[in-house]
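Report on the following structure.
No value in this document is a laboratory result; all are computed from the given coordinates. Note that the structure is predicted; figures quoted are calculated from it, not measured. Neighbour counts run over all protein chains shown; Cβ positions are idealised from the backbone, glycine included.
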Amino acid sequence: MGVQRCFGIFTILLLLSFSFAFAESLREWDKKAVEKYKKAKADYLKVKNFYEKARKEWKDLKRKARSAKGNNTVNLDKARNFLLRADEFLIANLKKIRAYVESEPSIDNQTREEILSAISSDIEWLVKKQDEIKNAKTKKELSLIARAIRKKWNEVRPKVKRFVGKVARFKAGKIIKKAEKLAERVEKAIAKLKEKGVDTKELEEWLAKFRKDIEIAKEKAKKAKEKHEAIKGMKDADKLFREGHLFLKGANKVIRADYLRLKEIVRKMRNGK
């Protein structure tokens with residue numbers, strides 16, 4: 001086998017083993033699940049718009065009520081509309097996340113089912129509140145329902161952030177596994193190139209660094225898990241989630257940089273530079 005052909009096979013192995021590690025191909029996803037996610041996202045954005053409009057109207061009404069007593073019936077209707085829209089917004093938010101979990105190929109089935117079951121239960125609880133809101137006769141009744149929804153959401157939101165963090169870690173884990181396989185293939189390719197008398201010093205240096213960076217990525221993923229699992233309540237939930245996300249982003253970034261560097265080394269070697 002000639003040196004050029006050996007490089008050709010090496011390049012193909014490189015591309016096949018790692019080309020979709022950073023952006024999952026839709027071909028891997030169940031098409032129906034993808035469409036379901038797209039629809040859920042579109043519905044979420046539409047409901048969000050309705051919610052923001054109702055929220056503005058309710059704020060305006062409360063502002064006017066400070067200076068003069070408004071019509072009680074109008075106030076009750078506006079309050080009911082706002083609470084309905086808020087409840088629908090939370091439901092749409094959870095449906096979007098549920099559809100995302102359903103369509104994400106990196107998760108194992110057991111984890112997927114556990115997350116979906118929990119989210120579906122929360123959606124069902126919020127859906128039941130719709131009739132309660134519609135049937136409320138007084139502001140006090142609406143206030144009690146609003147308080148119950150707020151309490152529920154304060155429990156749900158941190159849990160959902162842990163779920164999303166878990167999915168992100170599965171995706172990062174898949175990238176790390178692909179990186180480890182790539183390292184093995186590059187090592188074999190180096191051995192074959194050496195047999196052909198090719199200078200593989202730069203490739204060997206790259207491989208040594210790549211393996212160190214894989215360990216760095218693993219450590220970042222571990223720290224991300226610690227951050228995500230520390231989310232217990234509303235306090236610091238956003239902060240911990242962001243910190244976990246940054247660790248995963250760092251893990252992906254270091255491996256991606258090495259991958260791009262490998263492509264450049266291979267290009268130079270093929271061109272005899």
Place the peptides 105-114, 148-157 in order of packing, highest mean first, counting for every residue the other Cβ atoms within 10 Å and averaging per peptide.
148-157, 105-114
Whole-Hz ³J(HN,Hα) for each residue in segment 154-165, computed from phi via Karplus 6.51 cos²θ - 1.76 cosθ + 1.60 with θ = phi - 60°, x for glycine and proline: what do you get?
5, 8, 6, 4, x, 4, 5, 5, 5, 4, 4, x
Rounded, prolate or oblate for segment 162-273? Axes are the square roots of the Cα gyration tensor eigenvalues, ordered a ≥ b ≥ c, and the cut-off for rounded is a/c under 1.5.
prolate
Return the aspartates and glutamates within reach of residue 225: Cα separation strictly under 16 angstrom, same-chain partners fewer than 8 residues apart disregarded; answer none if there are no such residues.
215, 236, 238, 243
